[in-house]
Amino acid sequence: MRKHLHLIGLVAASLLALKVVIPVAEREPPDRQEDAPGPFTKPMLILGPMAPMVDIPTADASRASDLIRREESVLGVEINGEARAYPIEMMRYLEREILNDTLGGVPIAVTWCDRCQSGIVYGREVEGRELTFHVNGMLYHGNMVMVDSETGTLWSQLQGLGLDGSLAGRQLGGFPAVITPWHAWQARHPQTSVLNFDREPEGPSPPPEGEILPHQERLSPGPSKDFLLGINRGDEGRAWKLGDLRRNPVLNELACGIPLVLIHDSESDTFLAFDRRVDGIELTFRGEGGRIVDDQTGSVWDAGSGRAVDGPRSGSILKAVRTTITLASAWEKLYPPGPRP
């Protein structure tokens with residue numbers, strides 16, 4: 001009997017050291033009543049602490065051919081003139097779904113929810129305090145729950161909203177980021193750095209399902225796989241089907257109080273959003289012979305950077321707006337379809 005107990009103890013200790021992920025039943029949310037339907041589930045149990053991912057390894061673009069394929073999807077972000085690409089296939093492992101990084105002198109959390117196929121970049125400073133985030137193992141309305149090490153507050157990955165804990169109700173600030181093929185990101189940001197992880201971590205995380213897909217195939221619709229481009233600010237959100245944006249590559253919209261121009265670059269299958277206001281004037285845009293032109297002055301704008309390259313507005317720059325691409329099934333749990341305001 002002692003031998004058996006000793007063996008069980010060794011196995012348990014090994015599991016704790018390895019942070020093994022084991023499926024378990026749904027878990028009651030922290031604040032739900034016993035008879036009320038709850039948005040929190042816990043489809044997996046993480047035995048042992050999931051350490052925050054810090055000290056993120058990177059390489060410059062000259063080494064990228066050894067790290068990443070030309071058509072591979074990256075989550076690209078630029079802050080204060082410094083650009084970095086995060087290959088999505090490198091982030092699909094549980095311990096890598098949240099990367100605590102610093103870019104352009106700003107502490108950021110680069111997040112990827114593989115279940116929702118959503119990549120979002122948040123600032124890590126809240127009320128003057130720098131937080132570090134890691135995966136909690138729970139889901140909120142089917143979306144990944146993040147937890148910060150400093151306060152133990154639970155956060156929604158799609159909303160950037162504090163859900164439970166001392167920072168509940170606080171909103172993380174976000175940064176515009178795009179999902180785009182590596183070659184397109186590098187062409188616009190030749191000085192970019194790139195995430196430099198091994199393809200598969202040494203830890204016990206199960207490998208993600210499926211092969212590495214080219215960018216355009218990754219965003220293709222399929223059975224139970226319809227993608228949206230969404231903008232949200234707290235409880236308010238609106239989204240557009242990628243298929244509709246491909247058919248209408250320049251779209252003037254109003255969402256979350258922001259006058260937007262949504263742009264689809266067909267060459268790279270990249271989706272972008274900009275604030276249409278320049279110097280207090282709200283512009284409207286149209287596509288014209290493969291160019292983006294504003295109706296008010298006839299100026300020509302570069303779709304990728306939001307910079308006016310010709311006409312009276314030449315040199316002006318549209319402000320990029322934070323959006324996210326995600327599965328419709330994930331988005332609509334947080335923002336059910338309904339009449340628009």
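With Kirkwood's inverse mean 1/r over C-alpha pairs for Rh, give me the Rg to Rh ratio of the stretch 225-334, two decimals please.
Details: Rg = 14.0 Å, Rh = 14.3 Å.
Reported Rg/Rh, Kirkwood definition of Rh: 0.98.
Using 0.36 nm times the number of residues separating Glu282 and Val54, minus their current alpha carbon distance, what extension gain do you get?
On the way: separation 228, 0.36 × 228 = 82.08 nm, distance 4.12 nm.
Result: 78.0 nm gained on full extension.
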* Structure fact -> Sorted by chain and number, the residues with a modelled amide H under 5 Å from that of Leu260, at a separation of 5 or more or across chains, are Glu253, Leu254, Ala255, Arg276
* Lys, Arg +1 and Asp, Glu -1 on Cβ, resulting dipole of the stretch 50-218 about Cα centre, debye, nearest 20 -> 360 debye
* If you find the alpha carbon centre of the stretch 53-129 and of the stretch 307-330, how far apart are they in angstrom? -> 20 Å
* **Inter-label distance for Asp66 and Asp302, nm, one decimal - labels placed 7 Å from Cα along Cα-to-Cβ** => 3.0 nm
* Asked: If you place +1 on the Cβ of every Lys and Arg and -1 on the Cβ of every Asp and Glu, how big does the dipole about the Cα centre of the stretch 225-334 come out, in debye to the nearest 20?
  -> 200 debye
* Structure fact -> Cβ-Cβ cut-off under 12 Å around Gly173, Lys and Arg +1, Asp and Glu -1: the net charge is +2
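Mind listing which GluC sites (Glu not before Pro) in the stretch 234-333 are in a DSSP loop and have 15 or fewer other Cβ atoms within 10 Å? Kindly include the intermediate steps, with their values, before the conclusion.
On the way: sites: Glu236, Glu253, Glu267, Glu282, Glu288, Glu332; in loops: Glu267.
Of the GluC sites (Glu not before Pro), the ones in loops of the stretch 234-333 whose Cβ has at most 15 other Cβ atoms within 10 Å are Glu267.
Would you mind getting me the FRET efficiency between Asn248 and Arg115? Use the beta-carbon distance for r and R0 = 35 Å, nearest 0.05.
0.75
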* Taking every pair of alpha-carbon atoms in the stretch 50-218, what share in percent sits in each 10 Å bin, from 0 to the bin with the longest distance? -> 10, 41, 36, 12, 1
* Can you list the residues, at least 5 places off or on another chain, whose amide H is less than 5 Å from the amide H of Ile108, using H built in the peptide plane? -> Asp101, Thr102, Leu103, Arg124
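Read-outs: derived from the displayed coordinates by stated rules, not from any lab. Keep in mind it's a predicted model, so treat the numbers as computed, not measured. Here the Cβ is made from the backbone with ideal geometry for all residues, glycine too, and neighbour counts use every protein chain on show.
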